[in-house]
Structures are given as C-alpha cells and as structure tokens.
Amino acid sequence: MSVMEDVILNAKTAVGSVGRKAGEVIDRSKLRIAAVDIKSELSGKYRMLGRLYYESETTGKKYDESIKKLIETITDLNEQLAAVKEAIAGSEKKIRCPECSEYNQKGAVFCSKCGAKLSSAKPPYEDDQTQEELLDFAEEIADEDIDI
Ligand SMILES: [Zn+2]
C-alpha cells in the first residue's frame with residue numbers, strides 16, 4: 001500500500017463522527033460548526049483527489065480504487081452538508097422555548113408544547129454575537145477553500 005493510500009484510509013475515519021454529530025445537534029451554532037467541519041473535510045478530500053489524479057497521470061501508477069473511495073466519501077460529505085444546511089435553515093425560522101427547549105415558529109406568543117410565554121424569548125444564538133461572527137468568518141474561509 002502506498003503512503004498516499006494509507007493517508008486516505010486514515011482520513012476517512014473522521015467522516016463518520018461528523019455525520020453522527022450532525023444528526024444529534026439541534027443548536028444552531030453547533031450545526032454551523034458541523035457545517036464548517038464538513039466543508040473543510042470536503043476541501044481536503046478534493047485536494048487529495050486532485051493529487052491522486054495528478055500522480056496517476058504523471059507516474060502511470062493506478063490509484064483507481066483510492067479515487068473511487070474518495071469520490072464516494074465526497075458524495076457522502078456533500079449529502080451530510082446538505083442535511084446540515086437544511087437543519088440550519090429550519091432553526092433560523094424558529095425560536096426556542098425558555099422552559100422546555102421546544103422550537104416554535106418565529107412570532108409565536110406561547111410554546112406549542114408547554115404553553116410557556118415566548119414573546120420575550122430570544123433565539124439562543126442571539127446571546128452570543130461574537131461566536132456568530134467567528135462562525136461567519138470560519139464559513140467564508142471554508143467556502144473559499146472548496147473552490148481551489
Ligand atoms: Zn415550552
């Protein structure tokens with residue numbers, strides 16, 4: 001096994017944990033962190049794919065199996081990213097009940113689950129503007145990375 005193939009197989013282990021994380025979290029900030037994680041993971045995979053393709057073209061060595069695995073991983077990551085983005089979009093439209101943590105439609109006065117008053121409730125992410133700004137920045141960097 002070549003060094004490069006070894007690197008790819010080891011890198012693959014990080015993918016599963018990101019997927020599980022995306023399924024469990026409902027907090028918007030955590031979702032955004034997961035999105036940034038997936039984007040940077042994707043960026044690395046695209047680079048590896050380019051490198052493998054370059055190596056196979058210039059050295060004549062065949063990396064077909066590794067390239068195939070890499071493409072499967074990228075497809076999987078893109079699906080995870082789409083799911084996380086959808087969840088982020090969903091959480092943006094909702095406000096969280098301060099009593100029971102249920103998400104309610106924005107503008108709702110009472111919680112649909114426990115009946116608590118929501119009018120003064122703020123979405124949790126509005127409490128931490130700095131973290132939001134940092135995440136915006138992180139997302140921009142991850143986005144730029146992908147286009148290389
Ligand atoms: Zn409630």
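Just a few scattered comments:
- Modelled label positions at residue 78 and residue 134, each set 7 Å beyond Cα in the direction of Cβ, lie 3.2 nm from each other.
- Rounded to the nearest whole Hz, the Karplus-based 3J(HN,Hα) values (6.51 cos²θ - 1.76 cosθ + 1.60, θ = phi - 60°) of region 66-71 follow the sequence 5, 5, 4, 4, 4, 5, with x at glycine and proline.
- Per-pair calculated FRET efficiency, R0 = 41 Å: residue 69 and residue 117 via Cβ, rounded to 0.05: 0.20
- Under 5 Å between amide hydrogens, built in the peptide plane, is the criterion, and for residue 118 it picks out 110, 111 among residues at least 5 positions away or on other chains.
- In this simple spin-label model, placing a label point 7 Å from the Cα along the Cα-to-Cβ direction at both residue 88 and residue 109 gives a separation of 3.4 nm.
Bear in mind these aren't lab numbers, they're just calculated from the coordinates by the rules spelled out. All values derive from a computational prediction rather than experimental measurement. Because the Cβ atoms are built from the backbone with ideal geometry, glycine has one as well, and the counts that use them run over all protein chains shown.
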